[in-house]
Amino acid sequence: MRVGRVLVSAEEIEARLAEMGAEITADYAGKDLLLVAVLKGAFMVMADLSRHIALPVDLDFMAVSSYGEATKTSGVVRILKDLDREIAGRHVLIVEDIVDSGLTLQYLRRNLEVRRPASLEIATLLLKRGLQVAPTTVRYVGFEIPPDFVIGYGLDYLGRYRNLPCVAVMEEGEEEGWEGTAASGP
Ligand code: 5GP
């Protein structure tokens, strides 16, 4: 497998995250905001989105793994790393890379809601069109994309390609680098 068609370029990601950051800044002005990213995939969105939020936010990380095949979600989620601190009474914004079936988020939302945050919302860079079997309200969406398996900008294929600067689809073929291709940008 190798890097195929570019779905969202690095420039488009940067511009959209700036817009989302401005929106979040306005919505949470004067509030105690905690950003929670879900590792590993969301590390890139967290780093870039948080820098577009002009508020002194707090950051925390969770790591979850879903059982089953690499390219499909089973809906069964295991918490590998929980939050460092309590979230009771705090405004929590979950930062996600991608929402596919929505099952992971549904699980996370339920898990965090019982801890009684003041509010709990979700921001995701990517939302796959028409695949949500578990309808979750996602307050901030970067891009809606077709239901292809994508890689890059935090998203992996068998643990690799997270460092690709854009979001691309996988295609059949020999694995190779992306320097000088559309995936490396202009
Ligand atoms: P969901 O539970 O919404 O179906 O899937 C959530 C998780 O599945 C994501 O956080 C991500 O780890 C993984 N996932 C879903 N779609 C894709 C995709 O197209 N590419 C990659 N690399 N991971 C995906």
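Could you please let me know if N163 is without any contact (Cβ under 8 Å) to a residue 60 or more places away in the chain, of a type in the set (S, T, N, Q) and either closer than 18 Å to F43 by Cβ or near the ligand (Cβ under 10 Å from one of its atoms) (or both)? Against the criterion (without any contact (Cβ under 8 Å) to a residue 60 or more places away in the chain, of a type in the set (S, T, N, Q) and either closer than 18 Å to F43 by Cβ or near the ligand (Cβ under 10 Å from one of its atoms) (or both)), N163 qualifies. Out of all the residues in region 113-123, is one or more over 22 Å from Y28 (Cβ atoms) and modelled with pLDDT under 95? No. Residues being open to solvent by 30 Å² or more (accessible area, probe 1.4 Å), under 27 Å from R90 (Cα atoms) and more than 16 Å from the ligand (Cβ to nearest atom) are represented in region 102-113 by at least one member. E171 falls short on exactly one of the conditions (1) farther than 30 Å from P186 by Cβ; (2) open to solvent by 60 Å² or more (accessible area, probe 1.4 Å); (3) in contact with a Lys or Arg (Cβ under 8 Å, 6 or more places away or on another chain); (4) touching a residue at least 40 places away in the same chain (Cβ under 8 Å), and that condition is (1). Any residue at all in region 138-145 that is part of a loop (DSSP other than H, G, I, E, B), more than 8 Å from the ligand (Cβ to nearest atom), at pLDDT below 90 and not acidic (D, E)? Taking every residue of region 138-145 in turn, none turns out to be part of a loop (DSSP other than H, G, I, E, B), more than 8 Å from the ligand (Cβ to nearest atom), at pLDDT below 90 and not acidic (D, E).
The residues of region 76-85 that are within 16 Å of the ligand (Cβ to nearest atom) and assigned to a loop (DSSP other than H, G, I, E, B) amount to a single one, V76. Restricting region 86-101 to residues that are hydrophobic (A, V, I, L, M, F, W, C) and more than 6 Å from the ligand (Cβ to nearest atom), the residue that is farthest from D156 (Cα to Cα) is A88. Residues in region 95-107 that are under 13 Å from the mean Cα position of the chain (by Cα), of a type outside the set (V, I, T) and not in a strand (DSSP E or B): D100, G102, L105. For region 38-57, a residue qualifies if it is within 16 Å of the ligand (Cβ to nearest atom), touching a Leu at 6+ places or on another chain (Cβ under 7 Å) and at pLDDT 95 or above, and the qualifying residues are V45, M46, L49. Of all residues in region 42-55, none satisfies being open to solvent by less than 20 Å² (accessible area, probe 1.4 Å) and either touching a His at 6+ places or on another chain (Cβ under 8 Å) or of a type outside the set (A, V, I, L, M) (or both). Within region 168-186, take every residue that is touching an Asp or Glu at 6+ places or on another chain (Cβ under 9 Å) and not small (G, A, S) and give me the one that is farthest from the ligand (Cβ to nearest atom). The qualifying residue farthest from the ligand (Cβ to nearest atom) is P186.
The values are calculated or read from the model by the stated rules, or taken from the named source; none is laboratory data. Every value quoted in this text rests on a predicted model; they were computed, and no experiment measured them. FYI the Cβ positions are ideal-geometry reconstructions off the backbone, even for glycines, and counts take in every protein chain you see. These area figures cover heavy atoms from the full protein model, side chains too; ligands, DNA and RNA do not enter into them. Shrake-Rupley method; radii C 1.70, N 1.55, O 1.52, S 1.80 Å.
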